[in-house]
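Student: Have a look at the structure that comes next, please.
Here, each number is a calculation from the coordinates, and none is a lab measurement. On a predicted model such as this, the values are computed, not experimentally measured, just so you know. Cβ placement follows ideal geometry from the backbone for every residue including glycine, while neighbour counts extend to all protein chains displayed.
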Ligand code: HEC
C-alpha cells in the first residue's frame, strides 16, 4: 500500500498546529455518534436473539426500539460515521508525514470496516420496517454489522495505542503484531463499555424527550425501558473507573503527564456523580433525570476525548518538533527551487547591460586600462566559457587579485546582472 505514502504533502508548522484542533473536532463529532450506533446495535441484536421468532413480543419491541432510537438515519451515518474517519485518515497522514508508523494504513482498514459495518447496520435497521423478512437475514445483517464495527474499532484502538508508543512505531507493521498489548485491550474495552453506558442512558433520554409518539406508550412498557436503559447505563458506568485506571497504568511513559492525570480525575468525578444519579433514576423510575444524566454523560465523553488527546500530544511531541523543523527545511527548499526557476527565466538585455556598464562599472573598470579594478581585457577571457561564474562574481564579489582592493557588492537585480554579463562578454569578443 505504498501508494498511500505518496499521497500526502509535507505539512507546514501552522498546518500541524491546526491539525490538533481538527482531530479533536473529528472525535467530538464521531465518538458520540458511533457510541450510540455500537450500543444500539448490540442491545438490539441481543434482544432480537432473545425474541426468537416471536414478532411483536416484548423482546422484539425492545430490540426495535433500541435500533430505531439510537441509530440515526442514513445521512447521519455518512456525515457522522464514515466521513470523520476518512478526514482523520487524511489529517493523520499529514501529522505523521515521513514518520515510520503505520497510522494511515490502520485508519484505512478502520474506514473500510466501519463503512461496511454501518451499511450492514442500516440494512438491519430497515428490516424492522419490512412486513416480511427472513429472520436469518435480519439476524445476520445485525450480527455481521456488529462484527465489522467491533473489528473496525479494534484496529482503531491498535492505532491509537500505537501512536502513544513512539518506541514501537517502526516495528508494528500490521495490527495483529500489536494484538496483545494491554493498552490496546484496555482502550478497546473502555471504548465499548463507554459506548454501552451512554447507549443505555440515551435510550431513556431519547425515548422520553424527543419521540413524541412514544410519550403515549403504556406505562408498564415505559417503566421497563426506563429500568432497562438505566440499568445498562449504571452497569457499564460502574465499570468505567476500573477501565480508566487500567488504561492509565498501561499507558506508555511518553504519554503520561499532569494533564492526563488531571483529566482522568475529572472523568472519575463525573462518573461518580452520574452513577449516583443513575441509581436514583432506576430506583424511583424518575425519567426526568434522564436528561441530566445524558447531558452529563456527553460532557464526560468530551473529557475522555480530551484526556486521550493530551496523552497523544505528549507522546508525539518529539515527532512533531522534528517534523516542524523538517517542514521549514522543505519549505525553504521549495522556495529556493522557485527562486532558481525565476532566475532562469530572466532574459539578458544588451541595452540594459550597456547602461549598467556606463552607470555602475565604468567608474572602476575600462577594457584596456586599469582604473580602480583590473582592465576587462585581462580578466574577462576566462569567463567566456562560463558566463554563470561571472554572474556569480558580480552578484557576490570575492577577493581574486592581490594587486587590487576588493570589489564592493553592487546590489544589482538579477536582470541587470544577466544583462551586464552578456554585454561584457560580447564587447570582449569584439575587442579581439
Ligand atoms: C568601486 C569600484 C568597482 C566597481 C564600481 C566595479 N568593480 Fe569590478 N572590480 C573592482 C576591483 C577592485 C576588482 C579587483 C578585485 C580582486 O581582484 O579581488 C574588480 C574585479 C572585477 C572583475 C574581475 C574578477 C576576476 O575574476 O578577477 C570583474 C569581471 C569585474 N570586476 C566586473 C565588474 C562589473 C561588471 C562591474 C559593474 C556592474 C564592476 N566590476 C564594478 C572594483 C570595482
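Student: I'd like the orientation of helix 13-51 relative to the chain: the angle between its Cα long axis and the longest Cα principal axis, in ° from 0 to 90, rounded to 10.
Tutor: The helix 13-51 is inclined about 20 degrees to the chain.
Student: Right, here's the next one. Extension gain residue 386-residue 331, at 0.36 nm per residue separation less the Cα-Cα distance, in nm?
Tutor: 16.7 nm
Student: Using Cα centres only, tell me the gap between the range 348-368 and the range 143-191 in whole Å.
Tutor: Measuring centre to centre over Cα atoms gives 71 Å.
Student: Among 273-282, 48-57, 387-396, how do they line up from the highest to the lowest mean number of other beta-carbon atoms within 10 Å?
Tutor: Ranked from most to least packed, the peptides come out as 273-282, 387-396, 48-57.
Student: First measure r as the distance between the Cβ atoms of residue 343 and residue 171, then evaluate 1/(1 + (r/R0)^6) with R0 = 56 Å and state the FRET efficiency to the nearest 0.05.
Tutor: 0.75
Student: Would you mind telling me which residue in 295, 201, 155 has the biggest mean-square fluctuation in a Gaussian network model of the chain, where springs connect alpha carbons within a distance under 10 angstrom?
Tutor: Between 295, 201, 155, it is 295 that shows the largest mean-square fluctuation.
Student: Under a crude label model (7 Å from the Cα following the beta-carbon direction), how far is residue 360 from residue 377 in nanometres?
Tutor: Taking the simple label geometry, residue 360 and residue 377 are separated by 2.5 nm.
Student: Still on this structure, please answer the following. How would you rank 416, 385, going from fewest to most other Cβ atoms within 10 Å of each one's own Cβ?
Tutor: Lowest to highest Cβ neighbour count: 385, 416.
Student: Arrange 21, 97 by Cβ neighbour counts within 10 Å, fewest through most, would you?
Tutor: Result, fewest neighbours first: 21, 97.
Student: While we're here: Picking from 159, 247, 223, which is most flexible by a Gaussian network model of the chain using Cα springs under 10 Å?
Tutor: The residue that fluctuates most here is 223.
Student: On a 0 to 90° scale, report how tilted helix 258-284 is relative to the longest principal axis of the chain, with both axes built from alpha carbons and the result rounded to the nearest 10.
Tutor: With rounding to tens, the tilt is 20 degrees.
Student: Would you work out if the range 350-431 is rounded, prolate or oblate? Take a ≥ b ≥ c from the square roots of the eigenvalues of the alpha-carbon gyration tensor; rounded if a/c is under 1.5, else prolate when a/b is larger than b/c, oblate otherwise.
Tutor: rounded
Student: Roughly what angle does helix 219-250 make with the longest principal axis of the chain, taking Cα atoms, 0 to 90 degrees, to the nearest 10?
Tutor: Once rounded, the angle reads 40 degrees.
Student: Starting from the Cα gyration tensor of the range 2-333, take the square roots of the eigenvalues, sort them a ≥ b ≥ c, and report rounded, prolate or oblate (rounded when a/c is under 1.5, otherwise prolate if a/b is larger than b/c, else oblate).
Tutor: Because a/c hits 1.5 or more and a/b exceeds b/c, the range 2-333 counts as prolate.
Student: Per residue of the chain, what 222 nm ellipticity follows from adding -39500 (n - 2.57) for every DSSP H run with n ≥ 4, rounded to the nearest 500?
Tutor: Theoretical 222 nm ellipticity from helices: -24500 deg cm²/dmol.
Student: What is the order of 193, 364, fewest Cβ neighbours within 10 Å to most?
Tutor: 364, 193
Student: Which of the three applies to the range 73-157, rounded, prolate or oblate, going by the alpha-carbon gyration tensor with a ≥ b ≥ c and a/c under 1.5 meaning rounded?
Tutor: prolate
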